[in-house]
Amino acid sequence: MLPIDLQHLPSSEELPCSDDTPVDNEDQNLLPNILLFLLNSIWANRNDWYFGVDMGIYHTTGKSPRVPVIPDGFLSLGVDRRKPSRKGRGRLSYVLWEENNIPPILTLELVYHRYGGEYDEKMDVYARLGVLYYVIYNPEFWQRDGHQPFEVYKLTDGQYELQIGEPYWMPEVGLGIGRHHAMFGNLPQEQLAWFDAKGDRYLSEAEIERQRAEAERQRREQIARL
């Protein structure tokens, strides 16, 4: 590996914010964005976190600081929730040397038709970065790859160890993560979700509103029967 000049690292404005590579499947954007939307509700009053979707993470542990790793989703704690760029669009990329060298605490990869090194190359990169939790969601090709459909790995002594249990509680994050079945656009679909310490799933704002509406309907029916 060539030595890296840590005194003259490029800024986020100088770095590409996209590799223009199309995703395999619409879920690669949909499912991480669902997690992001849920966090916007769960942590609405917190400003010390950032969840990126299909965004490049620039770091100095590879061959060049100009070569990012791009997870399908990642969560960082202890950083600004919104960090305006000079262009006023928020973060263009997640550049570690502009984030006080705080790596993501969790990265998420979705495996589909094209195997992308989720179980080896990317795992090695995330371990070098110090990402504590690495989640791999492989609903269709887990048998092809010799893994389970949903796996959570935790970094221990520089190596990832497969964890047991779903939803899996992450005390350092203050959230659990797992799967559940839901309706999306009137179609049934398996999705990823956040869970609390008791294993209860955090509901979306739409689900909460439906529950309130149903409770109100039942209340009115009870009054009408009196």
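Taking the listed residues Arg179, Arg144, the one that is among the basic types (Lys, Arg) and closer than 16 Å to Leu31 by Cβ is Arg179, with no other qualifying.
Say whether the condition of being over 19 Å from Trp194 (Cα atoms), among the hydrophobic types (A, V, I, L, M, F, W, C) and open to solvent by 30 Å² or more (accessible area, probe 1.4 Å) is met by at least one residue in the range 127-135. Even if it seems obvious, please write down each step before you answer.
First, the residues of the range 127-135 that are over 19 Å from Trp194 (Cα atoms): 127-130.
Adding the requirement that they be among the hydrophobic types (A, V, I, L, M, F, W, C) leaves 127, 129.
Restricting the remaining residues to those that are open to solvent by 30 Å² or more (accessible area, probe 1.4 Å) gives none.
So far as the range 127-135 goes, no, none of its residues is over 19 Å from Trp194 (Cα atoms), among the hydrophobic types (A, V, I, L, M, F, W, C) and open to solvent by 30 Å² or more (accessible area, probe 1.4 Å).
Residue count for the range 49-83 under the criterion of being within 11 Å of the chain's Cα centre (by Cα), open to solvent by 40 Å² or more (accessible area, probe 1.4 Å) and within 16 Å of Leu38 (Cβ to Cβ): the result is 0. Where strands (runs of 3 or more DSSP E) fall entirely within the range 129-226, those with at least 2 residues that are touching a residue at least 24 places away in the same chain (Cβ under 8 Å) and among the hydrophobic types (A, V, I, L, M, F, W, C) are at 133-137, 150-156, 168-170, 175-184, 187-195.
Look at (1) touching a strand residue (DSSP E or B) at 6+ places or on another chain (Cβ under 8 Å); (2) surrounded by fewer than 16 Cβ atoms within 10 Å (Cβ to Cβ) and you find that Arg91 fails only one, number (2). Annotation note: of Leu155, Leu162, the sole residue that is open to solvent by less than 50 Å² (accessible area, probe 1.4 Å), at pLDDT 95 or above and of a type outside the set (Val, Ile, Thr) is Leu155. Exactly one residue out of Ile136, Ile102 is in contact with a Gly (Cβ under 6 Å, 6 or more places away or on another chain), β-branched (Val, Ile, Thr) and within 18 Å of Met55 (Cα to Cα): that is Ile102.
The values are calculated or read from the model by the stated rules, or taken from the named source; none is laboratory data. Predicted model, so just to flag it, every value in this text is computed and none were measured. Counting neighbours? That spans all protein chains shown, and the Cβs are built from the backbone with ideal geometry, glycine included. All accessible areas refer to the heavy atoms of the entire protein, side chains included, with ligands and DNA or RNA removed. Shrake-Rupley method; radii C 1.70, N 1.55, O 1.52, S 1.80 Å.
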